[in-house]
Amino acid sequence: MTTTVQNPVLQVAPAAPAEAAAHFRASLRLYADVSDVAAALTADDPGFVILDSRSTESWDQGHIPGAVHLPTALIPAQAGDLLDKSVPVVTYCWGPGCNGATRAALALAELGYQVKEMLGGFEYWVREGFAYETWQGPEHRDADPLTAPVAGACGC
């Protein structure tokens, strides 16, 4: 009798190619990566607004230049004054360990905004070496070679 030991990766079979393509296409409709957001923000009109959903204290420590500051709890009351529903919104919070950008994206979607979440958040913005602003002015750190082996690119 032959016993087949299946590895944990293939214990559940991969999706069919069409199913996988639909899933990954849907994922790209919901998420943006830090490098892509940074590249788009260099244009005169990137076609979206970037929204920092963190607290004022976090915003003061550092935020993406040109971002709109709107903590998640204030979205229902203030989004209409700060955002145009015809312009997509890209949300971010601290980083991968924080779901604030997800909660903000949900709140905005429920109000009728087109929205994406920026993967990696502010942490990866800084780690990839992009400039940011603090309450004291502009800041910049060298890129972490583990996240940005090529300046400003994830190496993907």
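Val87 satisfies every condition listed in (1) within 21 Å of Ala148 (Cβ to Cβ); (2) assigned to a loop (DSSP other than H, G, I, E, B) except (1).
Based on this model, can you work out whether Glu128 counts as out of contact with any strand residue (DSSP E or B) (no Cβ under 6 Å at 6 or more places or on another chain) and crowded, with 18+ Cβ neighbours inside 10 Å? When the stated conditions are applied, Glu128 passes them. Does Lys85 count as over 28 Å from Gly137 (Cβ atoms), in contact (Cβ under 8 Å) with a residue 60 or more places away in the chain and either under 16 Å from the mean Cα position of the chain (by Cα) or surrounded by fewer than 17 Cβ atoms within 10 Å (Cβ to Cβ) (or both)? It is false that Lys85 is over 28 Å from Gly137 (Cβ atoms), in contact (Cβ under 8 Å) with a residue 60 or more places away in the chain and either under 16 Å from the mean Cα position of the chain (by Cα) or surrounded by fewer than 17 Cβ atoms within 10 Å (Cβ to Cβ) (or both). When only residues in segment 106-124 that are of a type in the set (Gly, Ala, Ser), out of contact with any strand residue (DSSP E or B) (no Cβ under 6 Å at 6 or more places or on another chain) and over 12 Å from Ala32 (Cβ atoms) count, which is surrounded by the fewest Cβ atoms within 10 Å (Cβ to Cβ)? If we take residues in segment 106-124 being of a type in the set (Gly, Ala, Ser), out of contact with any strand residue (DSSP E or B) (no Cβ under 6 Å at 6 or more places or on another chain) and over 12 Å from Ala32 (Cβ atoms), then Gly112 is surrounded by the fewest Cβ atoms within 10 Å (Cβ to Cβ). When segment 54-73 is filtered for residues that are in contact (Cβ under 8 Å) with a residue 24 or more places away in the chain, open to solvent by less than 50 Å² (accessible area, probe 1.4 Å) and in a helix (DSSP H, G or I), the ones remaining, listed by number, are Ser58, Thr72.
Among the residues of segment 7-23, is any of a type in the set (Asp, Glu) and in contact (Cβ under 8 Å) with a residue 24 or more places away in the chain? No: segment 7-23 contains no residue that is of a type in the set (Asp, Glu) and in contact (Cβ under 8 Å) with a residue 24 or more places away in the chain. Annotation note: of Arg29, Arg103, the sole residue that is surrounded by fewer than 19 Cβ atoms within 10 Å (Cβ to Cβ) and touching a Lys or Arg at 6+ places or on another chain (Cβ under 9 Å) is Arg29.
The values are calculated or read from the model by the stated rules, or taken from the named source; none is laboratory data. Note that the structure is predicted; figures quoted are calculated from it, not measured. Glycine also receives a Cβ, built like all others from the backbone with ideal geometry; neighbour counts cover every protein chain displayed. Quick note on the areas: whole protein, heavy atoms, side chains included, nothing else; ligands and nucleic acids left out. Shrake-Rupley method; radii C 1.70, N 1.55, O 1.52, S 1.80 Å.
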